[in-house]
Structure formats: C-alpha cells, structure tokens
Amino acid sequence: MKSFYITTAIDYVNGSPHLGHAYEKVLTDVIARFRRQMGDRVHFLTGVDEHGQKVQASARKRGIAPQQFVDEVSAEFRALLPRLNISNDDFIRTTEDRHKRVVRALLQQLFDQGEIYLAEYRGFYSTRQEQFLQEKDRLPDGSWPEIFGEVSEIVEPNYFFRLKKYQEWLVGFLTENENFIFPRYRQKQVLEFLKEPLNDLCISRPRERLEWGIPLPFDENYVTYVWFDALVNYYSAVVDRPGVWPATWHVIGKDILVPPHAIYWPIMLHAAGLPLPHGIIAHGWWLQSGAKMSKSTGHALNPLDLVAEFGADAFRYFLMREMNVGQDSDFTREQFLVRYNSELANNLGNLVNRTLNMTTRFAGGIVPAAETTEEFEKNLHALWEKTRGEIVPLSEGFQFHTALERVMFFLTETNAYIEKRAPWKLGKSADPHDQARLRTSLATMAEALRLAAAALRHVIPATVEKIDAALGYAPGTNWSDELAWGAKLTGAKVTAALVLFPRAAPAEKVAAKS
Ligand code: ME8
C-alpha cells in the first residue's frame, strides 16, 4: 500500500476562519478521500499556527493571556472540521509540546552544524506577514504594498540561518524536479525569484519584543521566528510515526508559496538532512468583488453560514466545482445558487427522485435486471465508459472542477435517457417488449445513479452515503471495481423517496458557467 501524507497550511488563530480557510481544508480532504479510494494509506494533517506577534497583539487587545486566547480561537478552527466533514487524521497546534520539542531539536542540530549564526540585523519588518522585508518589496513610489500592513524599521542582534549558501542547490533541485510545485507555472515563478540573490534568514526575535514563541535552545533570550516554527509542524506531527515522512503534498495558498514554502522549507529540510516532500500544491484565492478575503482586511465570508443554510456537501461541491485549483475565483451567492439549483437540486436530485419513485411505482421497489440493450442504453454505457476513463486522471491531476463537470454531464444525459425511454409510457403498454424495456430502463437509471454517486463520493460523501442507502447498496472497498458498469443493484430494495437538496430561492439572471 502506498503511503500518502497530505497537509494543509496551519491557520493563524488571530481571527475567525473564513471561506479561504474552509476551501483549503475541503480541497485537501477531497484529495485525501480520493487517494483513500485509490487504495493509498493516507495520513491527513491539519492544524493551527499559534505563536507570533499577531497572536500576542490580539491577546493583549482582549486583555487575556496568549495561551487562553489561542485555546479559544483554536477551538473555533477545530470545530470547523467536522462541520465540513473533513477526514483529517491529526490536528496539530504549534503550542503543543510534541511540536516545540521537535522545533528546538532541529534548531539545535542546525546550530551545532554551523548553519545558524549571530549577527546584527537592520531592516524593515511587517507584523502582518511576520516577515522582514527587502528593498525589492517596495512599490515603485517607495511605499510598501498594502498586504504588509504597518511596516517598521528595526536594528538588533539576531540569529540567522544560512539560506544563501543553498541557493544554487535549490535552483538545481527545482530544475530537476519540475513537478515539485503545482501548478507548474508557479514553479517557474519560484525560479524567477531565485534569479535574485537570497539573503540569510533571520530566525530569532528578541524576547523583550516578542514573548509568545518557542525559545531558541541555544539562547533563551530569543524566541523562534514564527515561520521557522510553523513550517516544522509538517514534520513534528509525524516524527513518531515511522514511514510517514516525507509528505506527499503540502497544500497551501499562493500567498505563502514564496518565500516560506518554496524557499525556506526545502532549504531547512535539506540543511537538516531530511528528505523533501514530493511536492507543493499552491491554490488560488477566493475573492469577493475582486478583493482577497482575509481576516486583516475584515473582508471575509463566514463559511459556517453557508453550511448552516445549504449543508456541508452543497458547500463542498460548490468549492470544488467552481475553482480551478491554482487560479482565483470570485465568490458570489448568485453563482452558488445557480450551481446548487441546477446541478445539485435539479440534475442529481431529480435523478434520485425519479429513480426511487419509478422503481417503487413500476417494480414494487425492487431494482429489476436489465434485459435488453438498445441504442439508448448503448449510448449511455459508452458515455459512462468515457466519463470513468476521464475522472480518475483528472482527479489525479487535481482537475476536480472538470471531473465534476463530466459527472454532471453524465447525470444530464441520464435524465435525458429517462425522457427518451419514458418509463411512464412503457408502464401503460402490455407488449412484453415494452415491459422488458421498462425493466431495463429502471435498472439502467439505478445503475447510472449508483455510478455517478460513486464518482462523487470524495466530494459529497454524506450525500452519497444517503444515495447508497436509498438504493439498498453497500459499496465495496475497491473503488475502481465500483466504478464499473454492472448489475450490482439487481434485486436491491430501494426506499420510497429522498430529498437531498431542497430547491433554494432561485438566483436572478445569472448564467451558470460551464
Ligand atoms: O498563512 N482564499 O495562515 P493564514 C484562499 N499560518 N485561501 C486563502 C485565503 C483566500 N481568500 N486567505 C487565506 C498562514 N487563505 C500561516 C501558514 S503554514 C506552515 C503557516 C489560505 O491563516 C492561505 O493561503 O493566513 C493559507 O494557505 C491558509 O489559508 C492559512 O492562512
């Protein structure tokens, strides 16, 4: 069994989770569930980033100790996971001992190896990004981009990690491993960034300025720079689980690719003699009216409001269907409603209702065996073969939006098949051929529904469980076997009705994007 270790970024706990955080969890969950279906031994990690200036400042503002503050906010992030039906195997908090211990051991090792040294630092610091800035970060007019928030100049002795020394190695590594970063064009951007000389990385903060962090093991007057602490979570969480490290994929947003994940992290691992992950998936941003949703701009949508209104699966479906992994998407309620009504309520919901109603009405609730294969059936079988052949490679390449579009098309064609077969007419005919066609059409729609549901299982797991139960079907453990057109439902007893996605008030004048 292949080991597949996947992680999300760990969220800052200085505000409530928003749609961007929810998306990253859902995307990672969909990949994790897909890999489990493909037979991999999956380990799925998520968690929270609890140290640093921002957290200290937020706790001060509320007049409480940082630990109490992170306990409260982390609980909110953690509570999001079951609400979104996230199947993570572990949840890490950077204030846990298991993490702090590994960060300190790694720092000590790198210090003993001579990879860390003390020097005077002078520079501009962004508290919002927890990052020292460089001259090249300035805008043409000399000001700092808004993303950095308030920027202040700092002069102090600090510890530095020898990043520069590994620049050439990293360029070579990325050139040789051209699929290290998904999407691939982002890898080119990293190589472009590496054309400029790297500076060594300041990895300490004096305690008088920042208390809330992991003390350096070789100088307790300093705490660890938050990125050097946070990145290690991917490793510290599995250090006691043999065979899990290295990670297969780190799923992150594009804003934290360069420099932390594409520069610092590979170099940290390489310098420490640890194997590198297989790769990094950098997804895009959810925007609202063109602006990034974020806690610091107060421009955020609470994912739980949508989940409460439409259910976790409708929410998961929309996020996966709408966003091409790597690119940005604008979130609008109108677009959400269009997809919800036309794809989930109409397309999928209708097929479920018709299948259950007609099987109940014309076959006493027992799925009959297919008896004839005429052109209508042949066409639908052929379309399924094509769909099945496409969805696995599409999902392996994280093209979930396209895979879902293909499954939706198959559902549309299955509904069209029912119109063409018109079982309600066949039911009125005494002709034995028509009766055989009726039984065949019932068997065909039930099988098509079973297959489409199996193809959607990693995206809308709770809904598919309901569909399977309504069809009297217990899925096996071999997913590819389950995706084969067959007669698995012959003789199954279906339930009478199932409302999965009640129609929502229709959105006005918004066309569905294909
Ligand atoms: O960056 N759309 O935490 P974070 C999509 N603690 N994704 C978004 C988004 C949006 N509008 N806004 C944020 C941190 N994200 C660090 C990570 S990892 C060792 C440390 C994504 O809470 C963002 O890109 O600011 C990141 O991957 C994740 O949410 C957490 O962001």
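The values are calculated or read from the model by the stated rules, or taken from the named source; none is laboratory data. Keep in mind the model is a prediction, meaning the values are calculated, not measured. Heads up, the Cβs are rebuilt from the backbone with ideal geometry, glycines too, and the neighbour counts pull from every protein chain shown. These area figures cover heavy atoms from the full protein model, side chains too; ligands, DNA and RNA do not enter into them. Shrake-Rupley method; radii C 1.70, N 1.55, O 1.52, S 1.80 Å.
Around the amide H of ASP11, modelled in the peptide plane, lie the amide H atoms of GLY47, VAL48, ASP49, all under 5 Å away and 5 or more residues distant in sequence or on another chain. Bridgeable aspartates and glutamates around LYS493 (alpha carbons under 16 Å apart, same-chain partners fewer than 8 residues away excluded): GLU447, GLU465, ASP468. Longer than 31 Å from Cα to Cα, which of LYS165/LYS188; LYS2/LYS164; LYS292/LYS386 are they? Say none if no pair is. Check vs 31 Å cut-off fails for LYS2/LYS164; LYS292/LYS386. Hydrodynamic radius of the chain by the Kirkwood approach over all distinct alpha-carbon pairs: 25.2 Å. A helix-only calculation puts the chain at -13500 deg cm²/dmol for mean residue ellipticity at 222 nm, using -39500 (n - 2.57) for each DSSP H run of at least four residues, averaged over all residues. Given a cut-off of 20 Å, what percent of all Cα-Cα pairs of region 93-156 lie beyond it? Value for region 93-156: 53 percent of Cα pairs lie more than 20 Å apart. Of the peptides 176-189, 143-156, the order by per-residue mean of other Cβ atoms within 10 Å, starting with the highest, comes out as 176-189, 143-156. Amide H to amide H, with H built 1.01 Å from N, VAL42 comes under 5 Å of PHE4, counting only residues 5 or more places away or on other chains. For helix 312-322, report the angle its Cα long axis makes with the longest principal axis of the Cα atoms of the chain; keep it between 0 and 90° and round to the nearest 10°. For helix 312-322, the angle is close to 80 degrees. Applying the Karplus relation 6.51 cos²θ - 1.76 cosθ + 1.60 with θ = phi - 60° to region 417-426 yields 3J(HN,Hα) values of 4, 5, 4, 5, 6, 6, x, 4, 7, 4 Hz, where x marks Gly and Pro. Relative to the longest principal axis of the Cα atoms of the chain, the long axis of helix 432-456 makes an angle of roughly 10 degrees. Secondary structure note: in the chain, about 50% of the DSSP beta bridges are antiparallel. Between ILE263, HIS250, GLY311, the Cα set farthest toward the positive side of the dipole of the chain (charges on each charged residue's Cβ, about the Cα centre) is that of GLY311. Classify region 357-514 from the C-alpha gyration tensor, please: rounded if a/c falls under 1.5, else prolate or oblate depending on whether a/b exceeds b/c. Because a/c hits 1.5 or more and a/b exceeds b/c, region 357-514 counts as prolate. Using the Cα gyration tensor of region 140-202, with a ≥ b ≥ c the square roots of its eigenvalues, what is the shape: rounded (a/c below 1.5), prolate (a/b larger than b/c) or oblate (neither)? Oblate.
With the charge dipole of the chain set up from +1 on Lys and Arg Cβ and -1 on Asp and Glu Cβ about the Cα centre, the Cα lying farthest toward the positive end among the listed residues PHE148, PHE124, PHE111 is that of PHE148.
Dipole magnitude for region 358-514: computed about the Cα centre from +1 point charges on Lys and Arg Cβ and -1 point charges on Asp and Glu Cβ, it is near 460 debye.
Packing order of peptides 157-166, 67-76, highest average first: 157-166, 67-76 (average count of other Cβ atoms within 10 Å over each peptide's residues). Computed on the chain, with alpha-carbon pairs under 8 angstrom and 6+ residues apart, the relative contact order is 16 percent. Shape of region 291-439 from the C-alpha gyration tensor: prolate (a/c of 1.5 or more and a/b above b/c, with a ≥ b ≥ c the square roots of its eigenvalues).
Backbone geometry of region 331-336 corresponds, through the Karplus equation with coefficients 6.51, -1.76 and 1.60 at θ = phi - 60°, to 3J(HN,Hα) couplings of 9, 9, 5, 4, 5, 4 Hz, x marking Gly and Pro. A simple spin-label model places pseudo-atoms 7 Å from Cα toward Cβ; at TYR185 and SER429 they are separated by 5.3 nm. By accessible area, using a 1.4 Å probe on protein heavy atoms only, the chain has 51% of its surface on carbon and sulfur. Our summary of shape: the Cα atoms of region 223-306 have principal axis extents of 45, 25, 25 Å, ordered from largest down, in whole angstrom. Highest average first, the peptides 103-110, 316-323, 205-212 ordered by how many other beta carbon atoms sit within 10 Å of their residues are 316-323, 103-110, 205-212. Note on region 1-140: Kirkwood hydrodynamic radius from all Cα pairs is 17.7 Å, rounded to one decimal.
If you put +1 on each Lys and Arg Cβ and -1 on each Asp and Glu Cβ, how big is the dipole of region 48-120 around its Cα centre, in Debye rounded to 20? In debye, rounded to 20, region 48-120 gives about 340. Placing unit charges on the Cβ atoms only, positive for Lys and Arg and negative for Asp and Glu, gives the chain a dipole magnitude near 1280 debye about its Cα centre. Between VAL223, GLN37, ASN379, the Cα set farthest toward the positive side of the dipole of the chain (charges on each charged residue's Cβ, about the Cα centre) is that of ASN379.
Close amide H pairs (under 5 Å, H built 1.01 Å from N) link ASN158 with ALA119, GLU120, TYR121, residues at least 5 positions away or on another chain.
Using the Karplus equation 6.51 cos²θ - 1.76 cosθ + 1.60 (θ = phi - 60°), what ³J(HN,Hα) coupling, rounded to whole Hz, does each residue of region 132-147 give in order, writing x for Gly and Pro? Whole-Hz 3J(HN,Hα) from phi for region 132-147: 6, 9, 10, 3, 5, 6, 5, 6, x, 7, x, 7, 9, x, 4, 4.
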